[in-house]
1. Evaluate segment 135-156: report whether one residue or more is aliphatic (A, V, I, L, M), within 16 Å of ligand 2 (Cβ to nearest atom) and closer than 21 Å to Leu67 by Cβ.
2. Which ranges mark the helices (runs of 4 or more DSSP H) fully within segment 118-237 that have 1 or more residues being crowded, with 20+ Cβ neighbours inside 10 Å and within 16 Å of ligand 1 (Cβ to nearest atom)?
3. Output the qualifying pairs, or none if there are none: Cβ atoms under 7 angstrom, residues six or more apart or on different chains, first residue in segment 60-78 and within 21 Å of Val243 (Cα to Cα), second residue within 12 Å of ligand 2 (Cβ to nearest atom) and of a type in the set (S, T, N, Q).
4. Based on what the data block shows, is Gly113 within 16 Å of ligand 1 (Cβ to nearest atom) and either closer than 27 Å to Val37 by Cβ or over 19 Å from the mean Cα position of the chain (by Cα) (or both)?
5. If you go through segment 51-67, how many residues are surrounded by 18 or more Cβ atoms within 10 Å (Cβ to Cβ), among the aliphatic types (A, V, I, L, M) and within 16 Å of ligand 2 (Cβ to nearest atom)?
6. Please determine, by comparing only the residues of segment 35-45 that are near ligand 1 (Cβ under 7 Å from one of its atoms) and surrounded by 15 or more Cβ atoms within 10 Å (Cβ to Cβ), which one is nearest to Val252 (Cα to Cα).
7. Quick one: Tyr48 ticks every box in (1) within 16 Å of ligand 1 (Cβ to nearest atom); (2) in a loop (DSSP other than H, G, I, E, B); (3) surrounded by fewer than 18 Cβ atoms within 10 Å (Cβ to Cβ); (4) of a type outside the set (Asp, Glu) bar one, so which box is it?
Amino acid sequence: MTAREKGKIAAGLKAAIVRAGKALGRALYPEDITCDVCGAELPAETRYSLCAACTAKLPLIKGHRCLNCGVPINDEADYCLRCQRTESVFRRNIAPLRYDGEGKQLVHMFKFGGKKYLAHLLGAMMADEFISSGEAGEIIVPVPMSESEESRRGFNQSALLAADIGERLGIPVLPALVKVKDTPAQKGLTGKERAENLRGCFSARFADHIRGRRILLVDDVFTTGSTANECARTLLKAKVRSVTVLTAAVTVSENKVEVSAPAERD
Ligand SMILES: [Zn+2]
Ligand SMILES: [Zn+2]
């Protein structure tokens with residue numbers, strides 16, 4: 001072996017050791033020590049990779065909330081106006097954040113801003129909220145995207161959240177739903193129009209694994225509940241025992257839209 005060859009091998013070995021060291025570092029210190037939102041250095045061990053100032057700005061949901069969608073409600077009602085008008089086949093939705101202000105910004109950074117690492121922060125909040133809800137889940141199923149939707153975005157945000165939550169909670173994640181039909185953008189549609197749009201666009205698989213099980217359906221945002229409901233309907237048809245929904249955020253504005261909309265048009 002020539003000295004040059006020896007040198008090459010040594011250099012290759014060194015690079016491999018550096019790579020292994022970096023991987024080990026990531027395994028030992030998986031979370032950054034800076035705030036995920038503003039980049040400020042974090043003092044010590046914090047629950048979330050978020051500084052106090054950014055935490056204070058987040059619209060975390062506390063106190064009395066809708067028994068169906070989890071949105072905070074001011075009065076003593078059991079259900080918000082959105083949920084008083086719709087029927088859901090899932091047990092309930094659990095969400096740590098309101099989808100407005102900094103909460104909306106955070107989800108946007110994750111979905112559209114190329115900050116996939118925010119799945120860890122959102123996943124941590126969602127896992128905590130799920131634990132305090134007292135609900136049960138035996139299999140986590142992410143809300144799927146169609147093939148073309150996913151190739152356009154490059155990733156499925158719900159699948160990233162599901163993977164993180166599954167790891168935290170020790171619950172297996174199974175892509176038991178597939179989206180077999182593309183749907184036009186749901187934005188600007190009423191709940192009823194969304195529901196019609198989504199009819200039959202999901203299909204269940206791994207029937208033997210999900211039958212009789214309590215499913216935790218994971219999505220990024222709960223808006224009208226149409227997506228969650230159609231997914232739950234598909235899963236229940238495949239004989240799962242129950243479906244509970246877990247989202248990062250739940251919208252509040254839809255309430256106003258639904259209230260000001262004319263009653264039923266048919
Ligand atoms: Zn911050
Ligand atoms: Zn509600």
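The values are calculated or read from the model by the stated rules, or taken from the named source; none is laboratory data. None of these values were measured; they are calculated from a predicted model. Note: ideal-geometry Cβ built from the backbone for every residue, glycine included; neighbour counts use all protein chains shown.
1. Of segment 135-156, the ones aliphatic (A, V, I, L, M) are 136, 139-141, 143, 145.
Still in the list and also within 16 Å of ligand 2 (Cβ to nearest atom): none.
No, every residue in segment 135-156 fails to be aliphatic (A, V, I, L, M), within 16 Å of ligand 2 (Cβ to nearest atom) and closer than 21 Å to Leu67 by Cβ.
2. Answer list for segment 118-237: 118-133.
3. From residues that are within 21 Å of Val243 (Cα to Cα), the pairs are Asn68/Ser88; Asn68/Asn93; Cys69/Asn93; Gly70/Asn93.
4. Details: within 16 Å of ligand 1 (Cβ to nearest atom): yes; either closer than 27 Å to Val37 by Cβ or over 19 Å from the mean Cα position of the chain (by Cα) (or both): yes.
Taking the combined requirement at face value, the residue satisfies it.
5. 1
6. Val37
7. (3)
For (1) out of contact with any Ser or Thr (no Cβ under 6 Å at 6 or more places or on another chain); (2) modelled with pLDDT under 85; (3) more than 15 Å from ligand 2 (Cβ to nearest atom), each residue gets a yes or a no:
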| position | (1), (2), (3) |
| --- | --- |
| Gly7 | yes, yes, yes |
| Leu24 | yes, yes, yes |
| Asp32 | no, yes, yes |
| Cys69 | yes, no, no |
| Ser88 | yes, no, no |
| Arg98 | yes, no, no |
| Leu106 | yes, no, yes |
